[in-house]
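> Below is the structure I would like to discuss, written out as structure tokens.
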Amino acid sequence: MSVVQHIRSAAVTAIKSLYNQDIALADIAINVTKPEFEGEYTIVVFTFTKFSRQKPEETGQTIGNYLVTNFPDLVAGFNVVKGFLNLSINNAYWIQYLQTNFNNAHSGRKPANGKKVMVEYSSPNTNKPLHLGHLRNNFLGYSIAEILKAAGYEVIKANLVNDRGIHICKSMLAWQLFAHGDTPESTGIKGDHLVGDYYVKFETLLKEQAEPIIARILENDFRDFGGAELEKVEKLAALLHKPEIQQDEEKAGKLHDDIKEIARNKTEIMQQAKIMLQQWEAGNPEVRALWSTMNGWVYDGFETTYKRLGIDFDKVYYESETYLLGKDLVEDGLRKGVLFRKEDNSVWIDLTADGLDEKLLLRGDGTSVYMTQDLGTARLKYQDFQMQQSIYVVADEQNYHFKVLKLILEKLEEPAAEGVYHLSYGMVELPAGRMKSREGTVVDADDLTEEMVNTAAEQTKASGKLQDLSEEELQRLYEIIGLGGMKFFLLRVDPKKRMIFNPKDSIDLNGFTGAFVQYAHARIKSIFREVGITDVSHLDTYRHNDSLLPLEKELIKLNEQFGEILDDAQREMSPAIIANYAFHLAQTFNSFYAEKVEGHYTYSIARAESEDKQKLRLQIISMTAHTIAQSMKLLGIDVPERM
RNA sequence: GGACCGGUAGCUCAGCUGGAUAGAGCAGCUGCCUUCUAAGCAGCAGGCCAUUGGUUCGAAUCCAAUCCGGUUCACCA
């Protein structure tokens, strides 16, 4: 039980006893006491005046007295300022906490709660390498999974690989046309990048072929089209030429995009890609063989990237194996009357009663759409694991999709429905705006990683420290710092907010960064080396007296909060809460470490004023190192012994 | 147009289940390395918490409206 919970429950007892009033634990507002006042935690008593029938100050005094008298082990003293009851927690309480946790490497972790949860994340397309946006997804998914584990859940990390579809056919087609048999081996290019290069080639060619078609449309030359398409294009072109539309930039832009899309679909190369997709679906052996080969290259590339990033999965699903699954569900839905069929044979669900639209689930030709696949996959996952919760780490542009997905599953009475949770995160943008593959502003994941590690290497060399380490050890350290910096940078922001990725800030190793927290850890380890201790377990039986200096107490208090922080992070699904906490803890340790009065370190350990103080501080920094390491682990970040 | 999300220091972000004088980091300016790692510490400066109204003893936090930015509303995924 945490201090805050202790205070809550004591306050409830006090109020019951003093005012004969039943009050819920959650209704007691407790804050960390502001630094300018005496005490560590503060109870807000304004709300109690309703039944105390006293002024806030008197109410505070009364409750304070009660707590000191009846809970002396917890509350050693108090002061009241307006309606704020500032409590001084008994040092014995802190010492007791320190004593039991100073060498506990898992202090905040909760026991298993018997619940199972799946976290699906990463879920890449196999036509190009990972980029910055994927990194946020991967780090978030990994971290949330770790946080849930620490909170007592059994976690299945899942990856749903989008390994089929028109986008892969594009890469395949361009490879056939231009590669002359090139492979990752023959070119020395990482597989996912090689395949991505041909995707870009395809897009370039597509653009070239679409341009004359667009130009003709704009000149009212519709020779490329016939039938229903012709009608549509004529209509769009006529609209676009209207003067009032031309003045409306937004509308004109949208029309232009529509025309562009039609033209792109009309290109020869796009037609070929579509034919290839049909061949793939028909199981054409040649197409399937190329598909397997190129996907294989991509998987090798991804494997390398995942490994370097420290990302892993317990279960991998492939869309090529799941994309047909939703059809059974649709059949069930039709039987139950939840879905209906239109004249053209397409199948729909009517969500207008829920304030949404009608949603298509099967095309007229019987093929399924994205939603249908997701419905089927949701059922499959549930059959595989029977988890209570299924978390989808997917960008916020798909909020609507997941809202609908959950709703349809509910209407179909699928048991999987209840657990569906969309962990929606905001886009990563560059200072100049959104990343655009067409404009080549996409930040490649491998490149960025390399840059971060290089920066870490430069900074380490520039510091002139660690010259006795081997090249291997140094390389390992650069990875820890570089990757840690990258992960911390992407995780320190609330997931649901979109974030700006400023490359200059991201490689910084000062301030609110991963390196800052890692550095605090390395400093602690250096103290242990200085004192000549590698193991603190000999302090197990040591019992300190009850005097504590301000930052000694502050550090114990912060460490003690870790359990509550973990609860918050789990409830809010936010690694950012952990990152902020870890930084705050590291910052406080640094103050503790560096405070100096008249040339003497206040909290010196190697040259402590007494053996007693030395042992106490060793316990404190040992606990702090554990908590820092644990927090960072929840973010997927390692901490070094030296840096 | 409907729905959803956001707007806090020059910049990037905390704080949002209502509580004290709104906090960090970066950038700027002062100091601090013969003493456990200066990737650090101490300090200065920087704010109409988008606007307006409401609820309340008390609002950055809750409610309503407005303004600005984003996403989405495909027989794409």
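> Looking for whichever is among the hydrophobic types (A, V, I, L, M, F, W, C), assigned to a strand (DSSP E or B) and in contact with a helix residue (DSSP H, G or I) (Cβ under 9 Å, 6 or more places away or on another chain) here; the options are A:A76, A:A105. Which one fits?
The unique qualifying residue is A:A76.
> While we're looking at this one, here's another question. Looking at the stretch A:351-378, I want the residues that are closer than 20 Å to A:E120 by Cα and have a partner that is among the hydroxyl-bearing types (S, T, Y) with Cβ atoms under 6 Å, at least 6 apart or on another chain. Which pairs are those?
A:Q373/A:Y323; A:T377/A:T322
> Out of curiosity, is A:V68 over 22 Å from A:N559 (Cα atoms), aliphatic (A, V, I, L, M), surrounded by 17 or more Cβ atoms within 10 Å (Cβ to Cβ) and within 14 Å of RNA strand B (Cβ to nearest atom)?
When the stated conditions are applied, A:V68 does not pass them.
> Which ones in the stretch A:11-52 are over 21 Å from A:N70 (Cβ atoms) and assigned to a strand (DSSP E or B)?
Of everything in the stretch A:11-52, those that are over 21 Å from A:N70 (Cβ atoms) and assigned to a strand (DSSP E or B) turn out to be A:N31, A:V32.
> Can you report the number of residues in the stretch A:426-436 which are in contact (Cβ under 8 Å) with a residue 24 or more places away in the chain and open to solvent by 20 Å² or more (accessible area, probe 1.4 Å)?
Selection size over the stretch A:426-436: 5.
> Can you tell me how many residues in the stretch A:321-357 are more than 8 Å from RNA strand B (Cβ to nearest atom) and open to solvent by 30 Å² or more (accessible area, probe 1.4 Å)?
21
> Give me the pairs, please: first residue somewhere in the stretch A:38-55 and exposed (fewer than 15 other Cβ atoms within 10 Å of the Cβ), second residue anywhere and not polar (S, T, N, Q), beta-carbon distance under 6 Å, and either six or more positions apart or on two chains.
Hits for this filter: A:F46/A:P56; A:F46/A:G83; A:F51/A:Y19.
> Going through A:T602, A:T627 one at a time, which residue ends up being of a type in the set (S, T, Y) and either over 29 Å from the mean Cα position of the chain (by Cα) or surrounded by fewer than 19 Cβ atoms within 10 Å (Cβ to Cβ) (or both)?
Only one candidate passes the filter, namely A:T602.
> Also: Every residue in the stretch A:591-643 that is under 30 Å from A:S470 (Cβ atoms) and among the small types (G, A, S), please.
Result: A:A606, A:S622, A:A625, A:A629, A:S631, A:G636.
> Ok, one more. Starting from the stretch A:590-601, take each residue that is of a type in the set (G, A, S) and list its partners that are near RNA strand B (Cβ under 6 Å from one of its atoms), counting only C-beta distances under 8 angstrom and pairs at least six apart or across chains.
Qualifying pairs under 8 Å: A:A594/A:Y601.
> Determine which member of the set A:S122, A:S88 is within 16 Å of RNA strand B (Cβ to nearest atom), in contact with a strand residue (DSSP E or B) (Cβ under 7 Å, 6 or more places away or on another chain), farther than 27 Å from A:I28 by Cα and polar (S, T, N, Q).
When all the criteria are applied, what remains is A:S122.
> Going through A:D567, A:D546 one at a time, which residue ends up being surrounded by fewer than 19 Cβ atoms within 10 Å (Cβ to Cβ) and in a helix (DSSP H, G or I)?
A:D567
> Quick one: which residue in A:K157, A:K170 is more than 16 Å from RNA strand B (Cβ to nearest atom), among the basic types (K, R), under 30 Å from A:E303 (Cβ atoms) and in contact (Cβ under 8 Å) with a residue 24 or more places away in the chain?
On inspection, the qualifying residue turns out to be A:K157.
> Now a separate question. Being of a type in the set (S, T, Y), out of contact with any Lys or Arg (no Cβ under 9 Å at 6 or more places or on another chain) and open to solvent by 60 Å² or more (accessible area, probe 1.4 Å): is that true of A:Y421 here?
no
Yes or no, residue by residue, for (1) assigned to a helix (DSSP H, G or I); (2) small (G, A, S); (3) closer than 26 Å to A:K115 by Cβ; (4) near RNA strand B (Cβ under 9 Å from one of its atoms):
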| site | (1), (2), (3), (4) |
| --- | --- |
| A:Y400 | yes, no, no, yes |
| A:I408 | yes, no, yes, no |
| A:E414 | no, no, yes, no |
| A:E418 | yes, no, yes, no |
| A:H422 | no, no, yes, no |
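> Just one of (1) more than 9 Å from RNA strand B (Cβ to nearest atom); (2) farther than 30 Å from A:V119 by Cβ trips up A:F528, so point out which.
(1)
> Select from the stretch A:560-587 the residues that are farther than 17 Å from A:K497 by Cα and within 7 Å of RNA strand B (Cβ to nearest atom) and list them in ascending order.
Answer for the stretch A:560-587, where residues must be farther than 17 Å from A:K497 by Cα and within 7 Å of RNA strand B (Cβ to nearest atom): A:D568, A:F583, A:Q587.
> Moving to a separate point now. Answer with yes or no whether A:S123 is hydroxyl-bearing (S, T, Y) and either assigned to a loop (DSSP other than H, G, I, E, B) or surrounded by fewer than 17 Cβ atoms within 10 Å (Cβ to Cβ) (or both).
Answer is yes for this residue.
> Can you tell me how many residues in the stretch A:277-317 are under 19 Å from A:A158 (Cβ atoms), basic (K, R) and open to solvent by 70 Å² or more (accessible area, probe 1.4 Å)?
Adding up the residues that qualify gives 1.
> What are the pairs with Cβ atoms under 6 angstrom where one residue, in the stretch A:384-410, is within 17 Å of A:Q373 (Cα to Cα) and the other, located anywhere, is part of a strand (DSSP E or B) and open to solvent by 70 Å² or more (accessible area, probe 1.4 Å)? Sequence gap at least six, or different chains.
Final answer for the pair search is A:I391/A:Y421.
> Still on this structure: Looking only at the stretch A:489-525, filter to residues that are more than 6 Å from RNA strand B (Cβ to nearest atom) and hydroxyl-bearing (S, T, Y); which one of those is farthest from A:K613 (Cα to Cα)?
A:S506
The values are calculated or read from the model by the stated rules, or taken from the named source; none is laboratory data. Only a predicted model underlies this, so the values are computations on that prediction, with no experimental measurement involved. When we count neighbours, we look across all protein chains shown, and the Cβ atoms used for this are built from the backbone with ideal geometry, even at glycine. When the accessible area is computed, the model is the full protein with side chains, heavy atoms only, and any ligands, DNA or RNA have been set aside. Shrake-Rupley method; radii C 1.70, N 1.55, O 1.52, S 1.80 Å.
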